[in-house]
Amino acid sequence: MAVQDIQNYSYQNIFSLQTVQFEELCVVNSPQQIDQYKVFWIKEGKGRYNIDFKSYSFEDGVLFFLSPGQVFSVDSEKIKEAYQLSFTRDFYCIQTHDAEVSCNGVLFNNIYETPFVVPSEKETQKLDFILQNLIEEFELEETAQYDMLQSLLKQFIVYSVRIKKEKDVVKESVETKLFKDFSLLVEQNFKKIHRVTGYAYRLGLSPKSLTKHLQKIGTQTPSDFIKNRIITEAKRLLLYTDDSIKEVAFDLGFNDPAYFSRFFTKATGQSPKQFKRSYSL
């Protein structure tokens, strides 16, 4: 979010709300790595954001959900009214929530799905009501403010999950559950396990059977899925750590840095060195 005409509300650096009102066209070319959970609600405006090196265009009434570690930058934005919620894991994620509204649920830590929600006019009114209650609570600073703020944030997230599920019409099936289990396994093991066989074995399937199941719901092949997760993490490490290319290769489970460089180049069209240079210009 470009820094102009921003009003800040904050609770002990663990939860904050920013209101944004400006109409100048802004461009932020330098990518930043997100260090807290964030919700961007572009109520009125348009632009193009890059999230984990993928571009998303938007126009009015869209919510973006970002998790720590993700890479974010602005190609362009012209915003009339927008809000940003930011919170730490300790403020919200330590609580025991239903799986879908947790920090590993439908909205957050899900780099495989579209990271935005588009509410209807009626849904926007409900979200706006919750948001105005949040602003009022920030301003009041009454007893048990922590609990009230946390409760209102949960309401906002729960309602956003309901909107996303309704819009996306998520079909619960054997394949859908398998995809969730597979994606979670990849997230937990992609630095150690690079082959489909390793994941298929843990899911009690053959690699061929796993591929056929996932084809039914139109996802990437298991091989591409694993490769893309490794590449995303490689890009993050190359941009936001001082690790050498050799160290990045070892961190991602490649014993041969030269093979890692070939793997990265084939997937992106740039060598790791060229990629780093392109973002430092």
Could you please tell me which pairs satisfy a Cβ distance under 8 Å, a separation of 6+ or placement on different chains, a first residue in the range 162-189 that is at pLDDT 70 or above, and a second residue that is basic (Lys, Arg) and part of a helix (DSSP H, G or I)? Leu185/Arg202; Val186/Arg229; Glu187/Arg229
Condition check: in a strand (DSSP E or B), under 27 Å from Gln32 (Cα atoms) and modelled with pLDDT under 90. Does Ile94 satisfy that? no
Taking Gly218 and the conditions (1) within 23 Å of Phe53 (Cα to Cα); (2) in contact with an Asp or Glu (Cβ under 8 Å, 6 or more places away or on another chain), which numbered condition does it fall short on, given that it satisfies the others? (2)
Hits in the range 192-224 (condition: free of Cβ contacts under 8 Å to residues at least 12 places away in the same chain, part of a helix (DSSP H, G or I) and not polar (S, T, N, Q)): Gly198, Tyr201, Lys208, Lys212, Asp224
So if I check each of Glu123, Glu139, which one is exposed (fewer than 13 other Cβ atoms within 10 Å of the Cβ), among the acidic types (Asp, Glu), at pLDDT 85 or above and more than 30 Å from Phe275 (Cα to Cα)? Glu139
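The values are calculated or read from the model by the stated rules, or taken from the named source; none is laboratory data. As the structure is a computational prediction, the values presented were derived from the model and not from experiment. Heads up, the Cβs are rebuilt from the backbone with ideal geometry, glycines too, and the neighbour counts pull from every protein chain shown.
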